[in-house]
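The values are calculated or read from the model by the stated rules, or taken from the named source; none is laboratory data. This one's a predicted model, so the numbers in the text were calculated from it and none came from an experiment. No Cβ is skipped: glycine too gets one built from the backbone with ideal geometry, and neighbour counts run over all protein chains shown. The protein model used for the area step is the full one, side chains on, heavy atoms only, and it has no ligands, DNA or RNA in it. Shrake-Rupley method; radii C 1.70, N 1.55, O 1.52, S 1.80 Å.
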Amino acid sequence: MSGNVEHKSDDVNHDAKEASSADQTSMTTSGSGSYILLFFLLGLALSMVAGWVVFPKLLYTQKKQPLDFNHKLHLKEVDSDCASCHFFREDGTFSGVPALEQCLDCHYEKLGESVEETLFVEQYVDKGRQVPWLVYSRQPDCVFFSHSAHIYGANLECRTCHGDIGHSESLKPYEENRITGYSKNIWGSNIAGLKQATWDRMKMDDCAQCHETAGIHDSSVQTGRDACFVCHK
Amino acid sequence: MKQEHTQHRSKRYGMVIDLDKCTGCGACMVACFSENNVPFKKDETDKRLSITWMKVYRIDNGRDFPNNQVCYIPRPCQHCAGQHEGHSPCVSVCPATATDYSRETGIVSQIYTRCFGCRYCMGACPYHARYFNWWDPVWPEGMEKYLSPNVSPRMRGVVEKCSFCFHRYQLARDKAYANRRKDVKEADYQTACTQACPAGAITFGDLNNPGHAVHQIVKPNDHVVKNKAGISIIGKSQNPNVFRMLERLGTNTKVYYLSSREWVRKAGDNYIADEKPEDMFAEQKKH
């Protein structure tokens, strides 16, 4: 990079020397060279800022969840922890985000005075409408994910992939990629590709990385890793 | 084998179709369409443009009445293993790694989001089992609500084909995990066409598992045999009535056919007029 810059300014200096000797102006050669270098660096800095700071912000739109759900409050109210709402069906499929019917045991009428609950009861319970939750971890259509394999098979904790949502007091905004329509949780926030926590993102390489450590990683003839059909459908 | 350090022994899913039972009703084709979100158009008269993961062909013995006989041949993707496991005609030519072969199940996959539509695989496939999407699918009004969430829909410009209803395998795995089993039961993983066939002509299962019906009918040979051209034939059936389509090519498909009629068996492997089946395996007879 720096080699390139020097090279460029050399060329420019050379041209400038010729020009100044030709028409005998007072412009000093080193002066014009450093201006150009300055502009170059300024432009570089600006495009870096645009690329690393502005673009990622522009790339995602924020959407508010229809309701602010409080996990912490509800965990005190239910009998069997997460499984009261997020359970496995008998055939091994995962129920995912709860349906309205699962809330009605308690919320058939207003329990308290909070704004969120009033909204919930008036807009959804009374009208019998399902809450259109936005799922942070939603994978693209072509991806098959199995909670059964990871909970029963691999004994993983929810936290490993979802972070602390399960114990949060309110829901963060959902961020949608303007180009692909996918959630920001898939590719993560860190544009340099750094990952601190296991739940920072969940793209193809993140699944594959863990599978590699787990040693279930060799059925594909094409790649020598997991066959595509393990995770795709 | 490489699979040994993973949790399960490798499987080879395949099917055997009894052509003496097939009536050509097409129920398998319909079941396949609805199971796999296969797109269709208002006008399907030009069959070259139709997408049919499962297609029923009709052949006859070329004789005049009253000796004329007809046979219907249902054709899903044959899930070729090739000369060595995974050397399927389509997999070996795909420049994008969009199609893959799993050593664990023997199934040839197609990842639509990865495919860029060069159609090299279609040229390589000897069975015309692959189809190109010339258009984005247009569902009749309201029908998109009835699409299966277990199979991702395709878009214009990609190739698609039969997956042996792989999503059903994924669901069967889910069930196995929930029941703390490692293995998928025969009844838990059956393709849509197998279940739809009113004549019970299709039998599906793991060809490597002696407990599965498909293994018992096909009785695949453990040994590799060579045909006259020096091509390895893997898993050749030891049932004299069972054959594979164009078996002589060495594609080593996992779809077998069963018929008691010799002309049908001969048509399936494209015999030259007075060639005898024994001729093809001349070398095998020597030892």
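Measuring only protein heavy atoms, the 1.4 Å probe finds B:Met143 accessible over about 60 Å². The solvent-accessible area of A:Glu212, taken with every protein chain present and a 1.4 Å probe, is close to 110 Å². A simple packing score, the average count of other Cβ atoms within 10 Å per residue, orders the peptides A:101-108, B:43-50 as A:101-108, B:43-50, with the highest score first. In Å², rounded to the nearest 100, what is the total accessible surface buried by chains B and A against each other with a 1.4 Å probe? The summed interface area works out to 2600 Å². The mean count of C-beta atoms from other chains within 10 Å of the C-beta of residues in B:253-263, rounded to a whole number, is 0.
Averaged over the residues of peptide B:83-94, the number of Cβ atoms from other protein chains lying within 10 Å of each residue's Cβ is 1.
Peptide B:96-104 shows a mean partner chain C-beta count of 6 within 10 Å per residue C-beta. For every other residue with a beta carbon closer than 10 angstrom to the beta carbon of A:Leu111, add +1 if it is Lys or Arg and -1 if Asp or Glu, then tell me the sum. Local charge sum for A:Leu111: -3.
No disulfide-compatible partner, judged by a Cβ distance under 4.7 Å, exists for the following cysteines of chain B: B:Cys22, B:Cys25, B:Cys32, B:Cys71, B:Cys80, B:Cys94, B:Cys115, B:Cys118, B:Cys125, B:Cys165, B:Cys197.
Of the residues B:Lys236, A:Lys110, B:Lys276, B:Lys145, the one with the largest accessible area comes first in the ranking B:Lys145, B:Lys276, A:Lys110, B:Lys236, computed with a 1.4 Å probe on protein heavy atoms. Solvent-accessible surface (1.4 Å probe) assigned to B:Arg181 amounts to roughly 60 Å². Only lysines eight or more places from B:Lys55 in sequence, or on another chain, were considered; those with a Cα closer than 21 Å are B:Lys21, B:Lys41, B:Lys42, B:Lys47, B:Lys161, B:Lys254, B:Lys266. Of the residues B:Phe164, B:Phe116, A:Phe87, A:Phe55, the one with the largest accessible area comes first in the ranking B:Phe116, A:Phe55, A:Phe87, B:Phe164, computed with a 1.4 Å probe on protein heavy atoms. Residue order by solvent-accessible surface for A:His150, A:His162 is A:His162, A:His150, largest first, with ligands and nucleic acids left out and a 1.4 Å probe.
Taken per residue, the accessible surface of the range A:50-89 reaches 72 Å², heavy atoms only and a 1.4 Å probe.
Both radii were evaluated on the Cα set of the range B:13-286; the Rg over Rh quotient, with Rh as the Kirkwood radius, amounts to 0.96. The label-point distance for A:Asp141 and A:Glu212, in a model that sets each label 7 Å from Cα toward Cβ, rounds to 3.0 nm.
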